[in-house]
1. With the requirement that a residue be more than 9 Å from chain C (Cβ to nearest Cβ) and not hydrophobic (A, V, I, L, M, F, W, C), what does segment B:78-94 give you?
2. Suppose we keep only residues that are within 11 Å of chain C (Cβ to nearest Cβ) and of a type in the set (A, V, I, L, M, F, W, C) within segment A:90-104. Which one would you say is surrounded by the most Cβ atoms within 10 Å (Cβ to Cβ)?
3. Counting only residues that are more than 13 Å from every other protein chain (Cβ to nearest Cβ) and in contact (Cβ under 8 Å) with a residue 60 or more places away in the chain, give me the helices (runs of 4 or more DSSP H) lying completely in segment C:146-241 with at least 2 of them.
4. For residues that are assigned to a helix (DSSP H, G or I), touching a strand residue (DSSP E or B) at 6+ places or on another chain (Cβ under 9 Å) and of a type in the set (A, V, I, L, M), tally how many sit in segment C:7-62.
5. For C:Asn80, indicate whether it is farther than 24 Å from C:Phe41 by Cα, of a type in the set (S, T, N, Q), assigned to a helix (DSSP H, G or I) and in contact (Cβ under 8 Å) with a residue 40 or more places away in the chain.
6. With respect to B:Leu101, is the statement that it is facing chain C (nearest Cβ under 9 Å) and either farther than 23 Å from C:Val178 by Cβ or more than 19 Å from the chain's Cα centre (by Cα) (or both) true?
7. Taking A:Tyr93 as meeting all but one of (1) modelled with pLDDT of 85 or more; (2) closer than 16 Å to C:Gly65 by Cβ, write down the number of the exception.
8. Of the conditions (1) crowded, with 22+ Cβ neighbours inside 10 Å; (2) closer than 21 Å to C:Val7 by Cβ, C:Val102 fails just one. Which one is it?
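The values are calculated or read from the model by the stated rules, or taken from the named source; none is laboratory data. Just so you know, these numbers come straight off a predicted model, no measurement behind them. Ideal geometry is used to build each Cβ from the backbone, glycine not excepted, and the neighbour counts take in all protein chains shown.
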Amino acid sequence: MRENVVIRTISRISVPFIQVFALYVIVHGAVGAGGGFQGGVAFAASFILMFIAFGLSGVEKRLGKKWLMVYSIIGIAIYAGIGFLCLAAGGNYLEYGAIESAVGVAHLHGYLIDAVEMGIGITVMAVMVSIISDVMDRDGESP
Amino acid sequence: MEAVLEAFLSHYNYGMAIILMMIGLYALIAKQNLVKKLIGLNIFQTAIFLFYISFADVEGGIAPIYLPEGMEAIYVNPLPHVLILTAIVVGVSVTAVGLSLIVRIYEEYGVIDEAGLLKMVKRR
Amino acid sequence: MIEHLPVLLVTVPIVAALLILLLGWHDSRFCYPLTLATILFQFAGGIALLIEVMREGTIHYYLGGWAPPLGIEFVIDTFNGYILPIVLLLALATAVYARRSVEKEIKPEKIVSFYVLFQLLVTGLVGMTITGDIFNLYVFLEISSIAAYTLIASSRKPRAYVAALNYLVLGSIAGGFVLLGIGNLYVATGTLNMADLARLLPASYGLATVHTAFLLLVIGFSIKVALFPLHLWLPDAYTEAPSAVTVLISTVMAKVSVYAMFRVIFSVFTTAYFVETVPVTELILFIAAVAIVAGAVLAIAQEDLKRMLAYSSVSQVGYIVFALGVANQIALEGGLLHILGHAVMKGCLFMVAGVIIYRLGTSSFSDLKGVAATMPVTCAAFALAGASMIGVPPTIGFASKYYLVLGALEAGHWVYAAVLLAGSLLAVGYIWRFIEVAYFSASSHHEGGDHHPAPGVREAPLSMLVPMVILSILCLVLGIFVDPLMKIVAPAVSLLLGGA
């Protein structure tokens, strides 16, 4: 890809903001519009912007392909783990109230929802980025 | 006649969804290029999303977020939005699988249009 | 534990799929035992649920503790309690069978992802079977479909990519129709829970919205089950996919799609709607009859074993949908029996085709001459399952077709009963083709005078032979012990006909 100072500088400036916004959307999921999926996609968008600006190889060096898979597994593990915790606490699957009453911490279910949303967000981000890098890897970029 | 027109105009969003759907199906059937076919499939799916989103809308409704005590408002129905979020995920995955299949087909046969592909498949 | 079983059947395999992925990186030998263990767990769970349902009645499981119509629920009643063990039995047999066939037919670097996708496909189908929420049904349908597209494409043959793309396009259109139908139902009633829909729908039976929803759902599921004029994706997909995948999608996936069709038509729209309000039964009967005959005729015309079996699937799906068209107690009992019977026998037949491809590298009839001499057990299994496909008396194929004909006669459809019998006659035609080639043609290797068999052609490996033989014996055993089976099928049919 040709060097393009404008694109590189602009994306270098905007990527952190996109990521902070993505995190905000994920965390906001429990109480309003937002959630893991939207946030995860926004987070992935920041990486895709980096792909466009810096090329595939530069970004993949920092963000190994194997790690993307690990992230997606961690995400689902968080989701399923909290679900199973609910079972262990005597409730139905993902019945957050069961854990809350078992542990005895007020408003715990809100944090649990956030954690689940985080899990979804991490998985969505990892899967999106790996799809894009797979498709980009085949044609273009590499000589 | 007037009643029909009235019915159409008051439900024009559904009409638009159907028109968009037909455009998608047309591209799916008539286009030779496999990538364009996949774009047609995407348009087809988007039309369905549009249908869901438009029937969820309420005139003057706002986003369904809790308002401070004492304020009242009409909410739009949030459920179809959530459903469509799931459907969008499905659409993205289908597109990703379809695109990677097309890339493989191109690597294998060296063609990307339907007629050429049929010829190549028959030849092998 | 048992009260959480419905959700565990879906979530444990997803976690297991991740474990397979993680451990598979480390060493791909972990994949197979893990997959087997998970599906064994699911199978045991399915049996336990069936026993529980027969004893206690319908099981409801509210996800997240939210009661329907607000939350999503898993429902297991006699109908899907009956389907679930069938699905998992076939999945288990395929998992056992898959190992050797996968080693040969799939590139080594793809084996890990094969098992992950296999697990996801089975999980999606289980989810489709037990969910009580119509949108959840759509989501699981798409999960299993996407897994199926990629599994078909995992074959070494490049034509598999074209077949998978074909299936992807048609399958996505079907999914789109189903989604649109669900949207219409939501507009008409404001709920997505199936039981709730069945309760609220009668008030709006006259609405065009509901008719549209019905048509869209029926067409969408018809593409998925490959009902005759909409079967175009099926032959290529079944032929080009790796053998294990063909076994899985031809038995399990096809049957779950049929289940979904029955579930939506009977439990959401109820018999009253589609027999009286929108009289489509005549049309469905006609299409099913055409499917039975056309599928069988096309099967006879094929030159390749796997492709022939694929067209035979088109014909056999016609039998199951036929029961839908007759819609009385006896015919539906036959249809439900045929879901089990066809899954078992077609699974066995496709396993035979896979074994032959494993040993000979081809499944075209011209290369199979005298194959029975070198692979006697395989060909015997084919003969037994083929007899069931034709409907020879003590087999399950006979029992199901017997009930179907009885049902058609009871409803006064004499002509269609004759079509059913003609379909059986045509089945003789295509099953006999293989028998003749395998048993009564001189081997092409013997003709040349040198009597050494082709290298590597001998009986199938044990891990492929055992599930195949068990399925073929099941064809016979289930046919003989059909009476205890009817104790499960009959309440399921009453449940369907009695509405939700």
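1. B:Pro78, B:His81
2. This residue is A:Leu94.
3. Because the criterion is at least 2 residues that are more than 13 Å from every other protein chain (Cβ to nearest Cβ) and in contact (Cβ under 8 Å) with a residue 60 or more places away in the chain, the helices (runs of 4 or more DSSP H) in segment C:146-241 that meet it are C:194-200, C:208-225, C:234-240.
4. Within segment C:7-62, residues that are assigned to a helix (DSSP H, G or I), touching a strand residue (DSSP E or B) at 6+ places or on another chain (Cβ under 9 Å) and of a type in the set (A, V, I, L, M) number 6.
5. no
6. Yes.
7. Going through (1) modelled with pLDDT of 85 or more; (2) closer than 16 Å to C:Gly65 by Cβ one by one, A:Tyr93 breaks only (1).
8. (2)
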